1. Going by the conditions given, is A:Arg390 surrounded by 11 or more Cβ atoms within 10 Å (Cβ to Cβ), within 38 Å of the chain's Cα centre (by Cα) and at pLDDT 85 or above?
2. B:Asp190 versus (1) under 25 Å from A:Arg184 (Cα atoms); (2) more than 8 Å from chain A (Cβ to nearest Cβ); (3) open to solvent by 30 Å² or more (accessible area, probe 1.4 Å); (4) of a type outside the set (Phe, Trp, Tyr): which is the lone unmet condition?
3. In segment B:69-94, which residue that is in a helix (DSSP H, G or I) and open to solvent by less than 80 Å² (accessible area, probe 1.4 Å) is nearest to B:Leu131 (Cα to Cα)?
4. Just to be sure I understand, how many residues within segment A:229-269 are within 14 Å of the ligand (Cβ to nearest atom), at negative phi and not hydrophobic (A, V, I, L, M, F, W, C)?
5. Residue under question is A:Val298, and the condition is that it be within 14 Å of chain B (Cβ to nearest Cβ), more than 13 Å from the ligand (Cβ to nearest atom) and at pLDDT 95 or above; does it hold?
6. Return yes when A:Leu93 is more than 10 Å from chain B (Cβ to nearest Cβ) and in contact (Cβ under 8 Å) with a residue 40 or more places away in the chain and no when it is not.
7. Name every residue in segment B:100-158 that is surrounded by fewer than 23 Cβ atoms within 10 Å (Cβ to Cβ), among the basic types (Lys, Arg) and out of contact with any Leu (no Cβ under 9 Å at 6 or more places or on another chain), in order of residue number.
8. So the check is Cβ under 6 Å with 6+ separation or different chains; which pairs have a first residue in segment A:360-379 that's over 14 Å from A:Ala256 (Cα atoms) and within 14 Å of chain B (Cβ to nearest Cβ) and a second one that's part of a helix (DSSP H, G or I) and within 13 Å of the ligand (Cβ to nearest atom)?
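The values are calculated or read from the model by the stated rules, or taken from the named source; none is laboratory data. These numbers come from a predicted model, not from an experiment. Methodologically, a virtual Cβ is constructed for each residue, glycine included, from the backbone with ideal geometry; neighbour enumeration extends over all protein chains shown. Accessible surface is based on the protein model in full, side chains and every heavy atom, while ligands, DNA and RNA are left aside. Shrake-Rupley method; radii C 1.70, N 1.55, O 1.52, S 1.80 Å.
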Amino acid sequence: MGHVERAARFVADPERTRWHDEALWHVRTRRDAAARLVPDWEDLREQAAAIKRHALGRLPELWQAFETNASRAGTIVHWARDAREHNEIVYRLLQERGIRRVVKSKSMLTEECGLNPHLGKRGIEIVDTDLGERIVQLRREAPSHIVMPAIHLRRREIGELFEREMGGPKGIDDPEALTALARRDLRARFLAAEAGLTGVNFAVAETGGFVVVTNEGNADLGTALPDLHIASVGLEKILPKQGDLAPFLRLLARSATGQAMTAYTSHFRGPRPPSPAAPPDRPGSDGRRDPELHIVIVDNGRSRLLGTPAFREALACIRCGACLNTCPVYRRSGGHSYEATIPGPIGSVLETARDSRTHAELPFACSLCGSCSEVCPVRIPLHRQLLAFRESISSDDPHRRLRRWGLDLLGRVMLRPAHYERLGRWGRAFARRLPGTWLEGLLGPWTRHRSLPTLPSRSFRELHRERVKARAAREDGR
Amino acid sequence: MNRARDDILARLDAARTPRVEPPRPPTAPPGMDDPPAFLRARLEEAGGRLQMAAARNWPDEIEWPLDRTAVRHLHSALPIVPSRGLGLDATTDRELDGLEICILRAEFAVAESGAVWQVPSSPRERVAALLAEHLIVVVDATEIVATLHHAYQRIDPARSAFGWFLCGPSKTADIEQSLVLGAHGPRTLDLIVTNA
Ligand code: SF4
């Protein structure tokens with residue numbers, strides 16, 4: 001099944017499609033309003049893009065500096081070549097400490113690595129704590145958006161889910177009440193968690209620290225209580241200096257949701273000092289272990305992408321989701337239609353770069369309107385990259401010979417006006433005898449909802465000749 | 001394990017990315033006419049509330065998120081309001097669950113972002129700020145910077161293992177994009193800007 005078929009499943013519910021489309025467009029307009037309030041917005045985009053270009057040009061030095069500075073602050077640094085190594089490192093850290101209950105805040109990287117099933121199979125209970133992620137986790141689905149994981153669902157569906165999974169009252173569908181229910185359920189899990197996992201929005205070489213942003217505060221609750229914090233970071237997330245955070249943080253939330261800033265922008269640098277030990281007779285006595293902070297640096301195909309000049313720029317992505325919100329195809333086909341960890345324009349670029357065979361269709365799920373490149377805070381030329389993919393994919397198209405032959409034939413006909421006219425006449429006569437829908441599905445999904453206009457009985461040349469003749473006749477008659 | 005490290009560094013070297021000069025330091029972002037007004041507007045958009053008060057007796061001047069006299073569990077980082085209940089005698093971090101109000105001092109506010117920079121004085125203070133139902137943050141009126149560029153010039157990363165920008169209460173819009181305050185942490189945030 002391809003993107004078109006999966007999108008067809010999504011649009012089978014027109015009410016949902018319309019809502020999805022409008023909700024995301026609304027987020028896009030909020031982004032515009034927030035950007036307008038920043039007088040140096042375009043400078044910021046240029047600055048952010050330049051910092052990323054610079055950073056991507058010297059990743060080895062930056063990560064080594066990060067490692068040195070992080071270690072100095074007491075953070076333990078791990079390296080993982082691929083998803084499997086990442087998952088094993090995380091599992092080993094948990095297993096060595098006998099940890100069974102883990103809370104996780106949103107991280108597209110752990111999603112990409114398939115961490116949840118890896119830990120789940122080994123008997124570790126892993127709870128996603130971002131509300132949207134929790135919803136899709138309970139539904140055993142993948143997130144459909146990188147910032148709003150449950151944007152494909154309506155409140156009624158979430159109500160039914162919570163009724164089943166959290167013992168919510170029947171018929172509950174008020175967002176306030178649903179959030180309160182989840183809050184109560186998750187608060188208990190935060191209090192019981194033995195380790196907190198997070199992603200990383202930005203790592204800073206100069207300080208050996210990193211920044212995690214959330215609106216819900218879930219990354220903070222998840223790491224403030226347990227003694228073990230494991231952060232997973234992709235190779236592309238490093239910035240040279242602390243001051244570099246400023247342009248990115250001014251851009252990120254505004255691009256993502258139109259907020260000036262996320263509610264929590266947390267800067268970690270080293271494990272926290274131990275809390276005073278509780279008297280041993282108290283229940284839930286903490287302070288048994290000294291707090292630990294681990295960071296796992298993950299490659300998983302990123303170094304290969306870095307070596308491909310055409311797609312290197314995609315590594316600058318800060319996962320704001322703006323390109324998804326603005327994309328006319330994404331808004332109307334839903335995130336799941338991409339069947340990729342990251343959907344939308346940036347997903348189409350990253351996933352196709354990773355595996356152009358499996359995702360050969362994605363570059364075509366694009367109208368080339370260029371809106372994505374226009375909103376991207378780090379100025380990734382997304383639509384141009386998609387176009388480049390189309391070219392490289394089409395050049396090894398199995399129907400290439402057929403296409404060539406067809407174009408050759410067309411060329412020959414066009415060169416001979418008499419043939420051209422005769423063929424046109426036959427074609428028109430023939431086509432008018434076919435049912436109006438003859439084209440439907442004939443040339444693949446593209447023609448499914450398209451039909452040719454009714455062909456006129458005479459060609460332009462014929463009409464013109466007649467007019468000339470008629471005028472001559474009139475003039476003769478005078 | 002260090003095989004992985006060396007491999008990754010070698011792969012990155014092999015990618016032969018062109019070296020690009022660091023961008024020239026950003027020109028100072030344009031200033032703003034009225035930073036406190038900007039701060040208030042952005043904070044209110046984020047679901048927070050800004051109140052101006054005198055440093056000497058702000059607790060009596062402000063509007064509290066709860067009836068102040070009825071609050072039983074309060075954690076305060078400022079001597080002007082003494083802690084009580086759980087805020088005083090919780091012996092473990094987790095026991096702070098049930099806290100009604102947490103009061104913190106912020107180092108400075110960032111007008112353009114509607115945020116404050118805060119460094120918890122202890123890990124427990126951070127837990128209190130997350131588990132409390134209501135958060136009150138106090139900042140000096142003289143300590144308002146225009147943008148994050150100015151903010152980072154003031155932040156010394158070596159000072160502490162943790163620090164955060166806070167912008168309004170904990171929130172989510174994950175259910176049909178409708179904004180709900182108090183997703184996991186505090187349901188309200190009052191920023192008290194104090195004048196001498
Ligand atoms: S490609 Fe640009 S717009 Fe899209 S998510 Fe990444 S940073 Fe945002």
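1. yes
2. In the conditions (1) under 25 Å from A:Arg184 (Cα atoms); (2) more than 8 Å from chain A (Cβ to nearest Cβ); (3) open to solvent by 30 Å² or more (accessible area, probe 1.4 Å); (4) of a type outside the set (Phe, Trp, Tyr), B:Asp190 misses (3) alone.
3. The qualifying residue nearest to B:Leu131 (Cα to Cα) is B:Arg94.
4. Summing the residues that are within 14 Å of the ligand (Cβ to nearest atom), at negative phi and not hydrophobic (A, V, I, L, M, F, W, C) in segment A:229-269 gives 8.
5. yes
6. Criteria met by A:Leu93.
7. Within segment B:100-158, just B:Arg154 meets the criteria.
8. A:Arg379/A:Arg45; A:Arg379/A:Ala49
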